[in-house]
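Trainee: Dropping the structure in here first, questions after.
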Amino acid sequence: MSVVVLTNDDGVHAPGLAALEKALAELGDVYVVAPEREQSACGHALTLHRPLRALQMGEHRFAVNGTPSDCVNMAVLGFLPETPVLVVSGINHGANLGDDVTYSGTVAAAMEGTILGVPSIAVSLLDGGDFEIAGRVARLVAMRVLVGGLPGNTLLNVNVPVQPPRGIRMTRLGHRVYKEKIVEQADPRGRSHYWIGGGEARWDDLEGTDMGAVHDGYVSLTPLHLDLTNHRALVQLNDWQGGLNAQFLSETGRWPRRGRAPAATPKRKPRRG
């Protein structure tokens, strides 16, 4: 059977991962490779400066002392019997909508799978929703991906609403207006510490967006791609090139030379005597 990899950022013991494993059990040879502890909002971090370990917790279950992206990297390039045909990350406890995908370990795990050439899906459930329903949605989307594949360098970001979904909408990312703040508190010894957050989110536009879909009771299905280039801005800013180059050429004569040093000539050995 084909290998399917499941991971998340809530940790290997999270109920959303258990629901996903149950829902996708018949889609292939399913392996769980997930962080040993919660890694929410870790983004696309990779562990490069310490060794990683995978604790086997069952025949097809591994807990990794790293990030979600570490888990996918190890699963695809490491110890599984063959390259997986699908990576599914989730089911995240909480939405990953709009700009928040840039923080999400759940989405980053699917991104890592995409970078490694494996079709990948991220699945999230709004707070208060039913993991079993989200698992059914994940299975439906996963089956479609297994049959039809995905466009190159593209992953799917799936968000399931609180109520039983009215259907599925193809969406774009919304734009969140952040009202968060730094909250300063004091510990029992009077030393300051800080929390990030504390504000309610507001959304600029709901029409056609992932946030608009879940607000209306639909599953949002958003294709994301790895190319972060703003192609419209690239066209708009193209006329900068001539002016910047002219300024560059006029300025470089006054810049300190810190580039590559010229090849050194061999030093002569000092004469003796």
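Trainee: For the peptides 129-136, 79-86, what is the packing order when you average, over each peptide's residues, the other Cβ atoms within 10 Å and list the highest mean first?
Mentor: Numbers: 129-136: 19.4, 79-86: 15.8.
Per-residue Cβ counts within 10 Å, averaged per peptide and sorted highest first, yield 129-136, 79-86.
Trainee: To continue, here is another question. Can you tell me what share of the DSSP beta bridges in the chain is antiparallel? A percent to the nearest 5 is fine. Write out the running numbers ahead of the final one.
Mentor: Values: 18 of 44 bridges.
Roughly 40 percent of the beta bridges in the chain run antiparallel, per DSSP.
Trainee: Continuing with this model, one more query. Below 8 Å between Cα atoms, with a sequence gap of 6+, how large is the relative contact order for segment 182-231 in percent?
Mentor: On the way: 32 pairs, mean separation 9.9, N = 50.
The normalised contact order for segment 182-231 reaches 20 percent.
Trainee: Specify the inter-centroid distance of segment 167-197 and segment 44-60, based on alpha-carbon positions, in whole Å.
Mentor: Using only Cα atoms, the two centres lie 28 Å from each other.
Trainee: Could you give the length gained by full extension between L55 and D187, i.e. 0.36 nm per residue of separation minus their alpha carbon distance, to one decimal place?
Mentor: Values: separation 132, 0.36 × 132 = 47.52 nm, distance 3.55 nm.
My answer for the length gained is 44.0 nm.
Trainee: Let me ask something additional. Which one of H215, Q236, W203 is farthest out on the positive end of the charge dipole of segment 193-250, using unit charges on Cβ (Lys, Arg +1; Asp, Glu -1) and the Cα centre as origin?
Mentor: After comparing all options, I get Q236.
Trainee: For the chain, what class follows from the C-alpha gyration tensor (a ≥ b ≥ c being the square roots of its eigenvalues): rounded when a/c is under 1.5, otherwise prolate if a/b is larger than b/c, else oblate? Intermediate values should be presented prior to the final figure.
Mentor: Working: a/c = 1.73, a/b = 1.46, b/c = 1.19.
In terms of gyration-tensor shape, prolate.
Trainee: Still on this structure, I have one more. How much of the calculated P(r) for segment 12-72 lies past 19 Å, in percent of all Cα pairs? All intermediate terms of the calculation are to be shown ahead of the outcome.
Mentor: Working: 564 of 1830 pairs.
More than 19 Å apart: 31 percent of the Cα pairs in segment 12-72.
Trainee: Nothing charged except the Cβ atoms of Lys and Arg (+1) and of Asp and Glu (-1): what's the magnitude of the dipole of the chain about its Cα centre? Round to the nearest 20 debye.
Mentor: Working: 27 positive and 28 negative charges, 466 e Å.
In total the dipole reaches around 2240 debye.
Trainee: Let me ask you something else. Using the basic label-point model (7 angstrom from Cα toward the beta carbon), what is the D205 to R136 distance in nanometres?
Mentor: If labels sit at D205 and R136, their model points lie 3.4 nm apart.
Trainee: Can you tell me which of T154, T171, T252 moves the most in a GNM of the chain? Springs connect C-alpha atoms under 10 Å apart.
Mentor: T252
Trainee: Please compute the modelled spin-label separation between A41 and R172, points set 7 Å along Cα→Cβ, answer in nm with one decimal.
Mentor: 2.8
Each value in this text was obtained by applying a stated rule to the coordinates, not by laboratory testing. In this text the structure is predicted, and so the values were computed from the model without any measurement. With ideal geometry, Cβ positions are generated from the backbone for all residues, glycine too; neighbour counts draw on all protein chains shown.
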